[in-house]
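Below: the structure, in C-alpha cells.
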Amino acid sequence: MQVLDRRKALSIPPVWRLAFRPFFLAGSIFAMLAIPLWIAAWTGLWPGFQPTSGWLAWHRHEMLFGFAMAIVAGFLLTAGQTWTGQPGVSGNRLAVLAGVWLAARLSWLLGLPLVLLIPLNLLFLLGVLVLMARMLWVVRQKRNYPIVAVLSLMIGAEVLVFSGIALGNDGLQRQGVLAALWLVAALMTLIGGRVIPFFTHRGLGRVEGVKPWVWLDVGLLVGSALIAVLYASGIALQQNAATGLLFLAIGAGHLLRLLRWYDKGIWGVPLLWSLHLAMLWLVVATVGLALWNFALLSNPSPSLHALSVGAMSGLILAMIARVTLGHTGRPLELPPGIVWAFVLFNLGALSRVFFSTLWPLASLWLAAACWAVALALYVWRYAPMLVSARVDGHPG
C-alpha cells in the first residue's frame, strides 16, 4: 500500500520517504563496522581508546539497541503503512528519528557522560514506540498490539541495562541485555510466523499455503516473553532444570513450525532458505540453552550467539534483502553477490557457535570477517536502491 498523498510523498528526498530506507542502510553500515571494531578491541588491537563505560558495555548494548532495533524500526514503521492504511513515517519526522538514532550511536564513541547518553538512547526507542502505537491506535488494530507491548518491554530492558552500567553492576547489565535479546526473539516469532510461510507459499507458486496453528504461535510468543522475564529477574542466569524444560519446549515448538513450513523447493530460492536457516538457528539456540540448564554444557555463550548471530542477525539480513527489493518496486531477484552474503553469514555463525571453544581467536576473527563481508555486500548492492526513487515511479 502506498502513502496517501502522492504529490507530497514524491516531493520528499527518496531516502526519507519510508523508514526502511535510512534504517536498513544505517543499521547495516553500523553493524558492518561494529563487530570488527569489537573484536579488535577485545583482542587488544585498539588499546588507546575506550567508549563510555568500556567496550563490553558498548558491545552488549549496541548490537541489540543500536543495530537490531534500527532494523526493527525500519521494518515496523514501513510495514505499519500496509497493515493500517495510514501514511508511513516519512520526511522530517523520519529524519529527526534517524538523527536521534545516529546521535545515540555517537554518544558512546564520543565519550558522553551517562547523564546525556542514557536519555539520548532511550529517546530513540520511545520515538519508535510512539509512532508505531499511533499508527495502530488510529485504526484500532488490536491484532498488532502485541508489537507495542514488546516495544514497551524493550524500553524497560534498556532501562535495566543502563541501571547496571550506572551502578557498575555487571549482572544487572546482563539481565537487561538478555531480556532484550529474548524480546527480539519474541518479535521474530511473531513476525516470522506470519511472513515466512507466506513468502514460501508465494515464492514457490504453491496453490495453498500452510495454515497457522494459532495455539502454537501464541505459545511460542508467550514462551519467549516468559524467558525475557526470567532473564530480567536474574533467574535465567542460573542453571535450572525447569528453565531448561521451557527452553526445550520452545525449541521443539520452533522446530515443529519449521517442519510444517518446509518445502524442498526452498533450496532453489536463496530468499527462502536464508529465512528458514535463520529460524533453524533459533532451534539450535534454545536446545543449547536447555542443555546448559541441564548442566550438559559448560558455557551458555555459544548458544546465546546462535540466537544473536545466527537467528536474529541472519533473519535481519534475509528480511532486509527481500523487503528492500519489494519496497523499491523491483522484482524479487537477488543482486549479484547476495547469495554469497547469506552463505558467509551462516559460515560465520557456525564459526562463532561451534568452534569458539576450540580455536577462540581464529574462530572469532573468521566470524567477524564473514559478518563484515556479508554486510558489505548488502551495502554495496542495496545502498543505491535505498537512496533512489522506486523504479516503478510510485512513492515510498
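The values are calculated or read from the model by the stated rules, or taken from the named source; none is laboratory data. Because the structure is predicted, anything quoted here is derived from the model rather than measured. Cβ placement follows ideal geometry from the backbone for every residue including glycine, while neighbour counts extend to all protein chains displayed. These accessible areas exclude ligands, DNA and RNA; they are computed on the full protein's heavy atoms, side chains included. Shrake-Rupley method; radii C 1.70, N 1.55, O 1.52, S 1.80 Å.
Summary table below
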| item | result |
| --- | --- |
| Residues of the range 289-298 that turn out to be of a type in the set (S, T, N, Q) and buried (at least 17 other Cβ atoms within 10 Å of the Cβ), as a count | 1 |
| Yes/no for Ser363 being among the small types (Gly, Ala, Ser), surrounded by fewer than 21 Cβ atoms within 10 Å (Cβ to Cβ) and assigned to a loop (DSSP other than H, G, I, E, B) | no |
| Answer residue from the range 59-106, given it is aromatic (Phe, Trp, Tyr) and at pLDDT 95 or above and is nearest to Ala311 (Cα to Cα) among those | Phe67 |
| Residue in the range 339-351 that is open to solvent by 30 Å² or more (accessible area, probe 1.4 Å) and of a type outside the set (A, V, I, L, M) present | yes |
| All positions within the range 190-231 that are in a helix (DSSP H, G or I), among the β-branched types (Val, Ile, Thr) and closer than 15 Å to Arg260 by Cα | Val195, Ile196, Thr200, Val214 |
| Residues of the range 339-380 that turn out to be in contact with a helix residue (DSSP H, G or I) (Cβ under 6 Å, 6 or more places away or on another chain) and more than 30 Å from Asn299 (Cα to Cα), as a count | 5 |
| Counted residues, the range 254-270 - those being in a helix (DSSP H, G or I), in contact (Cβ under 8 Å) with a residue 40 or more places away in the chain, open to solvent by 10 Å² or more (accessible area, probe 1.4 Å) and closer than 30 Å to Pro336 by Cβ | 3 |
| Residue that is nearest to the chain's Cα centre (by Cα), among those in the range 26-55 that are over 20 Å from Gly310 (Cα atoms), touching a residue at least 12 places away in the same chain (Cβ under 8 Å) and in a helix (DSSP H, G or I) | Ala26 |
| Test result for Asn121, buried (at least 23 other Cβ atoms within 10 Å of the Cβ) and among the polar types (S, T, N, Q) | yes |
| Lone unmet requirement of (1) out of contact with any Ser or Thr (no Cβ under 7 Å at 6 or more places or on another chain); (2) open to solvent by 10 Å² or more (accessible area, probe 1.4 Å); (3) within 30 Å of Thr328 (Cα to Cα) for Thr43 | (3) |
| Every pair of residues 6+ apart whose Cβ atoms lie under 9 Å, when the first sits in the range 135-162 and is modelled with pLDDT under 90 and open to solvent by 50 Å² or more (accessible area, probe 1.4 Å) while the second is assigned to a helix (DSSP H, G or I) and polar (S, T, N, Q) | Val138/Thr84; Val139/Thr84 |
| The range 64-87, subset open to solvent by 20 Å² or more (accessible area, probe 1.4 Å) and hydrophobic (A, V, I, L, M, F, W, C), residue farthest from Val150 (Cα to Cα) | Trp83 |
| Condition check for Ile338: at pLDDT 95 or above, farther than 25 Å from Phe354 by Cβ and aliphatic (A, V, I, L, M) | no |
| Filtered residues of the range 318-338 (kept if within 18 Å of Gly268 (Cα to Cα) and crowded, with 16+ Cβ neighbours inside 10 Å) | Ala318, Met319, Ala321, Arg322, Leu334, Pro335, Ile338 |
| Sole residue being within 18 Å of Gly251 (Cα to Cα) and surrounded by 21 or more Cβ atoms within 10 Å (Cβ to Cβ), chosen from Ser301, Ser308 | Ser308 |
